[in-house]
1. Could you grab me the full set of residues in the range 1-47 that are part of a loop (DSSP other than H, G, I, E, B), modelled with pLDDT of 80 or more and over 21 Å from the mean Cα position of the chain (by Cα)?
2. When the range 320-340 is examined, which residues are found to be farther than 9 Å from P276 by Cβ and not in a helix (DSSP H, G or I)?
3. Report, by residue number, each residue of the range 48-106 that is crowded, with 24+ Cβ neighbours inside 10 Å, in a loop (DSSP other than H, G, I, E, B) and free of Cβ contacts under 8 Å to residues at least 60 places away in the same chain.
4. State which residue is modelled with the lowest pLDDT when the search covers only the range 108-134 and only residues that are among the aliphatic types (A, V, I, L, M), more than 16 Å from A315 (Cβ to Cβ) and open to solvent by less than 20 Å² (accessible area, probe 1.4 Å).
5. If I filter the range 326-338 for residues that are farther than 28 Å from A46 by Cβ, in contact with a Gly (Cβ under 6 Å, 6 or more places away or on another chain), open to solvent by less than 10 Å² (accessible area, probe 1.4 Å) and in contact (Cβ under 8 Å) with a residue 40 or more places away in the chain, do I get at least one hit?
6. Would you please name the residue that is nearest to Y288 (Cα to Cα), looking only at residues in the range 299-319 that are open to solvent by 40 Å² or more (accessible area, probe 1.4 Å) and not in a loop (DSSP other than H, G, I, E, B)?
7. Which of the residues belonging to the range 316-343 are closer than 18 Å to G121 by Cα and small (G, A, S)?
8. Find all pairs meeting these conditions: Cβ atoms under 8 angstrom apart; at least six residues apart or on different chains; first residue within the range 286-298 and buried (at least 18 other Cβ atoms within 10 Å of the Cβ); second residue not in a helix (DSSP H, G or I).
Amino acid sequence: METFVSFLGGFEALLSWEVLGFMIAGFLIGTFFGAMPGLTSVLAIALLLPITYTIDVVPALVMCASIFMAGMYSGSITATTINIPGAPSSMMTAVEGNALMLKGQGANALGHAALGSMIGGAIGALLLMAFMPIAGELALLIRTPGKFSLVLFALVVIILVDKGAIAKGIVATTLGIMLATVGIDVLQPIPRFEFGTELLVEGIGLMPVVIGAFAVSELLVQAQNWNLSLEGSLNRAKGLKIRRRDFIPPWSEIREVGFFTYIKSAFIGYAIGILPGAGGSMAAFVAYADAKRGSKKPEEYGNGSREGIAAAESANNSMCGGAFVPMLMFGIPGDPTTAIVLGVLVINGLQPGPRLIEQQADLIAPMFASLFVSALILIR
């Protein structure tokens, strides 16, 4: 009960002009870095890490949380508009959002992405505050075989997500596994498939692969049809006026997506987030596939499904709350962003562990509150 009261006190801390200013600054920085392909929230927090030496721990953690939440959503902006995800977790949003963009409904797609991110992020933050100790204990029960099963399940989901192109899914998954094996072995310090090149010893990062796969292919497609695309874009742009209300999803579309989809996807994202190393990409893939499996209109998937956007965005933003659980409870980052946040904690003399919440909840609670408030203003 005392811990819950301390968490509520975190919202009171946000009323301070200094703390609120850092939260707003973090939100804007996270939005910019997340929307720029290749510049993720991980890079934003890493670049701002030296600043944490000069400010108090509460503003530092509040800013990190707002960067995390805003950066996770804003990857959907470029994913929808130019078919280049700003972050790996926005890959499924690119598939559906850009299809709507080509139909002249880009603003509507961005609105659904923002709404899904808001609902998922808020639910993830609430679950973090309510069940963090319990979730931490459950995460410890999932041993190596369980994690292997989850990864295998995610790979199967990738293959089966489009039943009309299973062969392509198998080829893409196999290529992904082959790229992931390049670099130092996880269990033994032995380089694999580096072909005598020092640059490959560190492995191939996920972000360059995602940006290369989506950006290069999109540039080639647009270069091939640049004349027709330019003429078509100019024709569609004539007389087109984008209004603020175009970004607000109509109530009829929200009901068609269904609140159950938002909530279920948020729980999926949170559950995957508490597993160390899972990340937003896996959360988005699994939630997207689950939504497609139970959808009343599966034929829309791949052609601009608002339900698919809502499921993927709800999951990857709720993952933010789940990723803090192993980092705070055991010092094991749930994803790359929380790994940088762990550095902020250590720099300020805070040691992760079960007693951190009991003894220093007043320092951690504002970060949880910032995560929740940042999620609510995503629909801004």
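1. As a first pass, look at the range 1-47 and keep what is part of a loop (DSSP other than H, G, I, E, B): 1, 14-16, 36-40.
If we keep only those that are modelled with pLDDT of 80 or more too, we end up with 14-16, 36.
Answer for the range 1-47, where residues must be part of a loop (DSSP other than H, G, I, E, B), modelled with pLDDT of 80 or more and over 21 Å from the mean Cα position of the chain (by Cα): L14, L15, S16.
2. Answer for the range 320-340, where residues must be farther than 9 Å from P276 by Cβ and not in a helix (DSSP H, G or I): just G331.
3. Result: G86, single match.
4. In the first step, residues of the range 108-134 are kept if they are among the aliphatic types (A, V, I, L, M); the result is 109-110, 113-115, 118-119, 122-123, 125-130, 132, 134.
If we keep only those that are more than 16 Å from A315 (Cβ to Cβ) as well, we get 109-110, 129-130, 132, 134.
Among the residues that remain, those that are also open to solvent by less than 20 Å² (accessible area, probe 1.4 Å) are: 109, 132.
Working: A109: 87, M132: 72.
Step by step, filter the range 108-134, then rank; the result is M132.
5. No, there is no match, as no residue in the range 326-338 is farther than 28 Å from A46 by Cβ, in contact with a Gly (Cβ under 6 Å, 6 or more places away or on another chain), open to solvent by less than 10 Å² (accessible area, probe 1.4 Å) and in contact (Cβ under 8 Å) with a residue 40 or more places away in the chain.
6. Among residues in the range 299-319 that are open to solvent by 40 Å² or more (accessible area, probe 1.4 Å) and not in a loop (DSSP other than H, G, I, E, B), the one nearest to Y288 (Cα to Cα) is R306.
7. S318, G321, G322, A323, G334 - these are the residues of the range 316-343 that are closer than 18 Å to G121 by Cα and small (G, A, S).
8. Listed pairs, sorted by first residue: Y288/V161; A289/V161; K292/V161; K292/Y301; K292/S305; S295/Y301; S295/S305.
The values are calculated or read from the model by the stated rules, or taken from the named source; none is laboratory data. Owing to the predicted nature of the structure, the values given are computational and were not obtained by experimental measurement. Glycine gets a Cβ as well: all are built from the backbone with ideal geometry, and neighbour counts include every protein chain shown. Ligands, DNA and RNA are excluded from the accessible area calculation, which covers all protein heavy atoms including side chains. Shrake-Rupley method; radii C 1.70, N 1.55, O 1.52, S 1.80 Å.
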